[in-house]
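**Q** Structure provided below as structure tokens; questions to follow.
The values are calculated or read from the model by the stated rules, or taken from the named source; none is laboratory data. Everything numeric in this text was worked out from a predicted model, so none of it was measured. Reconstructed Cβ throughout: ideal geometry from the backbone, glycine too, with neighbour counts over all protein chains shown.
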Amino acid sequence: MGNAARRYTPQTIKILFALSGNQCAFPGCEITLVNSKNAKDSNICHIEAASEGGERYRDSMTDLERADYPNLILLCVQHHDETNDVEKYPVDILQRMKRDHESAYLQQNFKSNPSMLKNTINAIASIDFDDPPIEENLVPYNPKVKITHNSVKRHAALIHEYKVYHKKLNTLYDELESQGSLKKEKILKNINLIYLKVKGSYILDSDNIMNSIRENSDNIIDDVYNELYSKLEGSGLWDEDVILGINLVLVDAFMRCKILEEPPPNDSK
């Protein structure tokens, strides 16, 4: 126990550093950390401790979950020590700290690099599957209704935060469509195919499919992200822009019911 919880995959480290902008996530701290290849363990901090007796340790977590991106936050050594005060910095405070920091960095990057989303769209649209076309319903749902229907918890705040980019993404889709591009349909089909594959691994022969999805909704979203990451990483189009843009595209796909399940018709607005 403990060592395995510090065996971070290269994918996890790459995403963690890219989404944080290689900076300490503590509010007001401007310390730039080392690059992801030379990261010291003291900079990669566990929100819920890696081993028993550590701060905010939760026995029900697996070591794989402890070492995965959702449970990690980048902090400088000083603020790593400071956040060991579990009364002042419980799990929800550190999760919000991480989310706020990454959101601020995304907004900053989005303003300084408007091509970020276009790069992401091009990368996802480049994925080819040997699957038949899926009939597309592209009408977005109220994210609050969709979150409740699927019992999303950990990702709920992020979805609400990133939904503001839905209009900007849709404007970009419309611009591409006016030029004869079908990238929106291709992207949403690709994401939906990944979701169906991930979903299948959770529902298996379940007697109640919807309950199985609700019990695992946050993990399903993580797995869709990771699967999409893996496909893009080997595409030759990979860069930091795509890491930052994936979440925006996935939230849009969530609202269009390409990830998780569609609410009943009378609850769709």
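**Q** Can you confirm whether Ile220 is within 13 Å of the chain's Cα centre (by Cα) and modelled with pLDDT of 90 or more?
**A** In short, yes.
**Q** Select from segment 235-262 the residues that are surrounded by fewer than 19 Cβ atoms within 10 Å (Cβ to Cβ) and either under 19 Å from Gly200 (Cα atoms) or of a type in the set (Asp, Glu) (or both) and write down the one among them that is modelled with the lowest pLDDT.
**A** Result: Asp239.
**Q** A further question on this structure: Can you say whether Lys197 is modelled with pLDDT under 85 and surrounded by 14 or more Cβ atoms within 10 Å (Cβ to Cβ), as far as the supplied structure shows?
**A** no
**Q** Right, another one. Does His79 fit the bill of being crowded, with 18+ Cβ neighbours inside 10 Å and over 23 Å from the mean Cα position of the chain (by Cα)?
**A** Judged against the criteria, His79 is a match.
**Q** Do you know which residues across segment 177-194 are over 17 Å from Glu262 (Cα atoms) and buried (at least 17 other Cβ atoms within 10 Å of the Cβ)?
**A** Matches in segment 177-194: Lys183, Lys184, Lys186, Ile187, Asn190.
**Q** What is the residue count in segment 200-209 for residues that are surrounded by 14 or more Cβ atoms within 10 Å (Cβ to Cβ) and among the acidic types (Asp, Glu)?
**A** Of the residues in segment 200-209, 0 are surrounded by 14 or more Cβ atoms within 10 Å (Cβ to Cβ) and among the acidic types (Asp, Glu).
**Q** Related question: Of the numbered conditions (1) at pLDDT 80 or above; (2) out of contact with any Ser or Thr (no Cβ under 9 Å at 6 or more places or on another chain); (3) of a type in the set (D, E, K, R), Glu102 satisfies every one except a single condition; which is it?
**A** Of (1) at pLDDT 80 or above; (2) out of contact with any Ser or Thr (no Cβ under 9 Å at 6 or more places or on another chain); (3) of a type in the set (D, E, K, R), only one is false for Glu102: (2).
**Q** State the number of residues belonging to segment 166-210 that are of a type in the set (A, V, I, L, M, F, W, C) and not in a helix (DSSP H, G or I).
**A** In the first step, residues of segment 166-210 are kept if they are of a type in the set (A, V, I, L, M, F, W, C); the result is 169, 172, 176, 182, 187-188, 191, 193-194, 196, 198, 203-204, 209-210.
Then keep just the ones that are not in a helix (DSSP H, G or I); that gives 182, 204.
The qualifying residues number 2.
**Q** Here is a further query. Determine, yes or no, whether Ser230 is within 25 Å of Ala156 (Cα to Cα), in a helix (DSSP H, G or I), free of Cβ contacts under 8 Å to residues at least 60 places away in the same chain and not charged (D, E, K, R). First the steps, then the outcome.
**A** Working: within 25 Å of Ala156 (Cα to Cα): yes; in a helix (DSSP H, G or I): yes; free of Cβ contacts under 8 Å to residues at least 60 places away in the same chain: no; not charged (D, E, K, R): yes.
No: the conditions fail for Ser230.
**Q** If you don't mind, there's one more thing I want to ask. Kindly check whether there is at least one residue in segment 53-75 that is assigned to a loop (DSSP other than H, G, I, E, B), in the same structural domain as Leu19 (by TED's automatic domain parsing), surrounded by 16 or more Cβ atoms within 10 Å (Cβ to Cβ) and at positive phi.
**A** yes
**Q** Another question about this same structure. Just name the residue that is farthest from Leu158 (Cα to Cα) out of those in segment 49-82 that are touching an Asp or Glu at 6+ places or on another chain (Cβ under 9 Å) and of a type in the set (D, E, K, R).
**A** Glu52
**Q** Given the options Met210, Met255, name the one that is closer than 16 Å to Ala156 by Cα, more than 12 Å from the chain's Cα centre (by Cα) and aliphatic (A, V, I, L, M).
**A** Answer to the check: Met255.
**Q** List, please: which pairs have Cβ atoms under 7 Å, are six or more places apart or on different chains, and start with a residue in segment 11-34 that is in the same structural domain as Gln78 (by TED's automatic domain parsing) and surrounded by fewer than 18 Cβ atoms within 10 Å (Cβ to Cβ) and end with one that is modelled with pLDDT under 90 and of a type in the set (Phe, Trp, Tyr)?
**A** Gln11/Tyr229
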